Amino acid sequence: MRDAEKILSIISERGKNQKPLERIYRLLFNEEFYLIAYQNIYANKGAITKGINNDTVDGMSIKKITAIISKLKTETYRWTPVRRTYIKKKNGKQRPLGLPSWSDKLLQEVIRIILEAYYDNQFSNHSHGFRKNRGCQTALETLAKKDWKGIKWFIEGDVTNCFNSFDHQILMNILDEKIADKRFLRLIKNFLQSGYMEDWKYNKTLSGCPQGGVLSPLLSNVYMDKLDQYVENELMPIYNKGKDRARNHEYLSLLDRRRRYIRHGKWEEAKELKKLAQTMPSNDTSDPNFRRLYFLRYADDWIIGLSGDKNDAEEIKGKIATALQVNLKLQLNQEKTLITHARSERARFLGYDIHVLYNDAKHDKSGRRCINGQTGLRVPRDKMRAKIGQYMAKGKPVHRQELTRYSDYDIISTYQSEFRGFVQYYLRAYNAHQMRAVKYIMEMSLAKTLAVKHKMSVMQVFRKYKATTETKYGLYKVLQVIVERDGKKPLIAQFGGVRLAYNRNATIDEKPRQLLSNRSQLIDRLLRNVCELCGATGNIEMHHVKKLKDLSRSGRRHKPEWMKRMIAIRRKTLAVCVGCHREIHSGEYDKVRVH
């Protein structure tokens, strides 16, 4: 895949130098890009989900790649309308989600790889959503930095129906500014206008990027980058004023008096003056010659921190509303775009409560006030209540009946993954210790689930499964189950063992997409062109299953050879010939076929 790496490095360099991208449609004829795309997205949950046809990742082959390239060469490739479904939002409303066919996903990923290499270096540093090596973690890191200090007002941005409102012509004009390839642009335009099927009725897409498409997040960043550029080039020069705040003369006067008392040996008076000085700001917080505007965007969510007065905040909100309407034909949701006082109220961004910290009694080692004016992150109470509510009924923790049919190992693993996923996200909050209430309720729900399954009391469950585990923070009490295996290390599942305390370096469970990754065994197995069941060569397809553990839980008394093989190698994929693949799906495969 060196050729692909070299091509993408050249594209990336052109992006850095702001040079136009030319003749890139022909890159879609390169088979290596499709192998990279396949490697990137085959493990996604939606890869095996059907669109409006039966085209999924199952059955992936070199022949399928060749067919896509052949159609692209003659410009006869047609995007399939996505199957529209709906997912519930937290506010009770429903968000439309498009489910494309596998071939469309594969081609979208190839286009995404190429465009990301070109555009990512040109995107604003204030943008963190859907970008490689960036995400919620980097956005929250930026908020907690000392740069965001001394803020008086937060402006929480909300765009009405953002992704479904993108104007196709505006997006195509933005792409046309830097991409000089009409065939490529025509392919993108056809993608945007491919439509969707709902209740088996075709509907045109007159605006918006299909949510659920592999390419849509990148195109949304290309579109919303115009907002980033407006804030950087138009607003920041106006609302960034002065180098430093003026000093507070009253504060300086107290310090001068204190120094005089010290020179004359009046230690008690000097001590009292120091206490008094530390109750007032060292700088002039109302300095008219100093203002700052900070900006951060994650997808369609954005937040502005302002050191200025409320009139400035109202003015900025109005200017952004006008810019969105005029330049991007997007509507700012006036009701949800809130102006929040940074010290007395809390803004909401990426699931965290954001506010400015003030505590005159909090000192560093040198005795200086160390947190005043800094931006603090909190776990919202409603988020903890909502999480706890999933494991409670009538005010008490309850068991989960749907899990009682699984093994103890799977039950404990399920609870731990749900607990760790929630906690790990909020460890950057200074009140992370309050999540102990979440742990207690989940632990009781787990104990009751095991108690119902084994028909024992909760106390007996704790006696049977209690254990201690060693962590870098010390010993922790956990609920644990160990599954012994012949000739292998035992499988261990445990609930708990997570330190619930503020951690400014906590890692959020998200994996930013890489530009390129090394070729995996998956691609080598596909290119080897040998059936892993019968040894036949030629016409190899990849058989995929959604979850490997589903095979182990299979109710079949005598598992067929293909199932045993996948369980043994612990992979969700198997390279098979067309004949073996057909028999697997028909249920007729129960032994190695002889050719």
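The values are calculated or read from the model by the stated rules, or taken from the named source; none is laboratory data. Model, not experiment: these values are computed from the prediction. FYI the Cβ positions are ideal-geometry reconstructions off the backbone, even for glycines, and counts take in every protein chain you see. Each accessible area value is taken on the protein alone, full model and side chains, heavy atoms only, with ligands, DNA and RNA left out. Shrake-Rupley method; radii C 1.70, N 1.55, O 1.52, S 1.80 Å.
Solvent-accessible area assigned to carbon and sulfur over the chain amounts to 47 percent, based on a 1.4 Å probe. Counting only residues at least eight positions apart within a chain, or on another chain, the aspartates and glutamates with an alpha carbon under 13 Å from that of residue 132 are 116, 120, 510. Note: the stretch 170-287, Cα convex hull, 220 Å³ per residue.
Translational diffusion of the stretch 70-183 was estimated from the Stokes-Einstein equation, with Rh taken as the Kirkwood radius over Cα pairs; at 10 °C and 1.306 mPa s the coefficient is 87 µm²/s. Working ranking of peptides 473-484, 362-373, 316-327 by packing, defined as the average number of other Cβ atoms within 10 Å per residue, highest first, is 316-327, 473-484, 362-373.
If you take every residue apart from residue 435 with its C-beta less than 10 Å away from the C-beta of residue 435, what net charge results, scoring Lys and Arg +1 and Asp and Glu -1? So the surrounding residues net to +4.
In the context of the full set of protein chains, the chain has a per residue accessible area of 53 Å² (1.4 Å probe). Hydrodynamic radius of the stretch 325-382 by the Kirkwood approach over all distinct alpha-carbon pairs: 14.0 Å.
Both numbers refer to the Cα atoms of the stretch 237-395; Rg and Dmax are 21.5, 69 Å.
Plainly put, the stretch 9-154 has a radius of gyration that is 1.06 times its Kirkwood radius, both from alpha-carbon atoms, as the Rg/Rh ratio. Working note: 222 nm ellipticity from helices only, DSSP H runs with n ≥ 4, each -39,500 (n - 2.57), summed and divided by the residues of the chain, gives -12000 deg cm²/dmol to the nearest 500. For the stretch 379-443 versus the stretch 1-63, the spacing of their alpha-carbon centroids is 39 Å. Take the Cβ atoms of residue 266 and residue 374, set R0 to 45 Å, and the FRET efficiency comes out at 0.85. Over every Cα atom in the stretch 49-109, the radius of gyration and the widest Cα-Cα span, Dmax, amount to 14.5, 47 Å. Treating only the Cα positions of the stretch 231-301 as identical point scatterers, give the base-10 log of I(q)/I(0) from the Debye formula at each q in 0.17, 0.21, 0.22 Å⁻¹. Debye curve over Cα of the stretch 231-301, log10 I(q)/I(0) at q = 0.17, 0.21, 0.22 Å⁻¹: -0.72, -0.87, -0.92. Cross-link partners of residue 394 among lysines, defined as those whose alpha carbon lies under 20 angstrom from its own and excluding same-chain residues fewer than eight positions apart: 383, 439, 448. Size check on the chain: the Cα extents along the three principal axes, sorted descending, read 103, 70, 45 Å.
Cross-link partners of residue 241 among lysines, defined as those whose alpha carbon lies under 29 angstrom from its own and excluding same-chain residues fewer than eight positions apart: 145, 146, 149, 152, 226, 310, 317, 319, 336. When only the Cβ of Lys, Arg, Asp and Glu is charged (+1, +1, -1, -1), the dipole of the stretch 189-343 relative to its Cα centre reaches about 780 debye. Counting every Cα pair in the stretch 176-219, what percent are over 18 Å apart? Counting pairs separated by more than 18 Å, the tail of P(r) holds 36 percent.
Helix 436-454: angle to the longest alpha-carbon principal axis of the chain, degrees 0 to 90, nearest 10? Compared with the principal axis, the helix lies near 30 degrees.
Taking every C-alpha pair closer than 8 Å and separated by at least 6 residues, the mean separation divided by the residue count of the chain gives a relative contact order of 15 percent. Entry for the stretch 1-49 at q = 0.21 Å⁻¹: log10 I(q)/I(0) = -0.82, Debye formula applied to identical alpha-carbon scatterers, no solvent contribution. Taking the C-alpha atoms only, the angle from helix 267-277 to the longest principal axis of the chain is near 50 degrees.
Relative to the dominant Cα principal axis of the chain, helix 182-192 is inclined by about 80°. With kT/(6 pi eta Rh) evaluated at 10 °C and eta = 1.306 mPa s, and Rh the Kirkwood radius from Cα pairs, the stretch 144-232 diffuses with a coefficient of 103 µm²/s according to Stokes-Einstein. Pairs exceeding a 22 Å alpha-carbon distance, out of 89/189; 93/387; 387/549; 488/546: 89/189; 387/549; 488/546.
Rounded to whole Å, the principal axis extents of the Cα atoms in the stretch 378-506 read 44, 39, 21, largest first.
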